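Structure, as structure tokens:
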Amino acid sequence: MRTKRLYSHLTRHYFRSDLLNCPTCGAHLSRYCTIAQRTVITAVGPLFVTHIGYRCPDLTCPGHACCFRSAAADALALPGFTFGLDILVHAGQLHWGERQTLDQVHQALLRQLAPWSLTVSRRAVLYLVDAYATLLRVTHEPQNDPGWAAWCAQVEQNGGLILSIDGIQPDKGNETVYLVRDVLTGRVLAAENVRSSTAAVIKTVLAPVVALQLPILGAISDAQESLREAVADLWPGTPHQLCHFHYLREASRLMYEADRAVKVAVRKQIHQRTRDLRQQLEMPPASGPPLAAGEAAQLGVLADYALAVQTAANLDGTQPFHYGGVAVDDALSAIAASLEELEKGGPVAAGAVAPSYAA
């Protein structure tokens, strides 16, 4: 038997119909029923929501059968969801927008809910990000856009669409969300969360674009074979260009891997020794008189240098042009230059040890 959840902080909200009078006959609406009573966890804390429905009291009115609701109550959360839309959107933006893993999103939501002593399970986070992907797809349906006619006129002026197709996979081995947009106007044409990336699945993702029946001037994507096959089958003869970023990333892969191997070797040489040194500097003297002010300041400077070295050894790179090994070498060279200046008697201000690398 499930234990009923208890909330230490719970604000009660009552929602009534947005309309006061019947839109058909003008009669004053009367209370009809309680549509829902439930707890919704939002970004500002848990709310106990009572949603009250109203209807026309005139039995002869054609609108008597209608139950009038509160739009604000319906907008708090999706049906069947305990967490509000604000939490759902935040989780989706972290996962799909910032490409955080489910575990990272889970930890972020736990921190957000901590002030109210609330938790969220990892499975619930998965439901939230899936719901966000569904909402993203629905909001980009052409019939839901009041600016659809103006956009079509812009496409006609451009002569057609240039498709950008990209798959985002925050968690390796799990679902991939494909985004299809028009490069010339920036409009997202399709968004789909899929479990496989075969050519048949890609064609399903591109089906809404095919349904638009607009001329396709070209396509841009990575070198994924199934994606290239799907585009060739749907729009034969259409120019298909590989994304410059993906092209350069693949071209630099050998250099990047060699650079990373050098960085790992350097880190192995200095990481353990630097960590031991920091622990030694932080350990108070076991016996004897306390340290003088000057000695304590000197130990503080040495601790700053040790932290700078340890931080520099952990610097990373980003393909195609930013190499971690080069960044580590630049940082360690700056620290070495600072140490040489110190040895010559140069001044060292607090916090001035390799400030660019101690972030």
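Taking θ as phi - 60° and the Karplus parameters 6.51, -1.76 and 1.60, the scalar couplings of region 242-254 work out to 7, 4, 4, 4, 5, 4, 5, 4, 5, 5, 9, 4, 4 Hz in sequence order, x denoting glycine and proline.
In this structure, the amide hydrogen of ILE162, modeled 1.01 Å from its nitrogen in the peptide plane, lies closer than 5 angstrom to those of VAL183, LEU184, LEU217, counting only residues at least 5 positions away or on a different chain. Note on SER196 and LEU281: the extension gain reaches 25.3 nm, defined as 0.36 nm multiplied by sequence separation minus the Cα-Cα distance.
Averaged over its residues, the chain has an accessible area of 60 Å² per residue, based on protein heavy atoms and a 1.4 Å probe.
Taking only protein heavy atoms and a 1.4 Å probe, the accessible area of region 50-143 is 57% carbon and sulfur.
For region 115-128, putting each phi into the Karplus relation 6.51 cos²θ - 1.76 cosθ + 1.60 with θ = phi - 60° gives couplings of x, 10, 6, 10, 10, 9, 7, 5, 5, 5, 4, 4, 4, 5 Hz, in residue order, rounded to whole numbers and with x for Gly and Pro. Packing, taken as the mean count of other beta carbons within 10 Å per residue, orders the peptides 335-342, 83-90 from highest to lowest as 83-90, 335-342.
Residues whose amide H lies under 5 Å from that of THR42, counting only those 5 or more places away or on a different chain, are LEU47, GLY84; hydrogens are built 1.01 Å from N in the peptide plane. Summarising the amide proton neighbourhood of GLY317: residues at separation of 5 or more, or on other chains, whose placed amide H is nearer than 5 Å comprise GLY324. The sum of -39500 (n - 2.57) across all DSSP H runs of n ≥ 4, divided by the residue count of the chain, sets its helix-only mean residue ellipticity at 222 nm to -14000 deg cm²/dmol.
When a 1.4 Å probe is rolled over the protein heavy atoms, the share of accessible surface on region 207-346 that falls to carbon and sulfur comes to 59 percent.
The residues packed around ILE202, meaning those with a beta-carbon under 14 Å from its beta-carbon, carry a net charge of -3 if Lys and Arg are +1 and Asp and Glu are -1. Electrostatic tally near TYR54: other residues with Cβ closer than 11 Å to its Cβ, Lys and Arg +1, Asp and Glu -1, net +3. Phi angles across region 307-319 convert, under the Karplus curve 6.51 cos²θ - 1.76 cosθ + 1.60 with θ = phi - 60°, into 3J(HN,Hα) values of 5, 4, 5, 5, 5, 4, 5, 9, 4, 10, x, 9, 5 Hz, Gly and Pro given as x.
The values are calculated or read from the model by the stated rules, or taken from the named source; none is laboratory data. Quick caveat: nothing in here was measured; it's all calculated off a predicted structure. All Cβ positions, even for glycine, are placed from backbone atoms using ideal geometry, and neighbour counts span all protein chains on display. Ligands, DNA and RNA are excluded from the accessible area calculation, which covers all protein heavy atoms including side chains. Shrake-Rupley method; radii C 1.70, N 1.55, O 1.52, S 1.80 Å.
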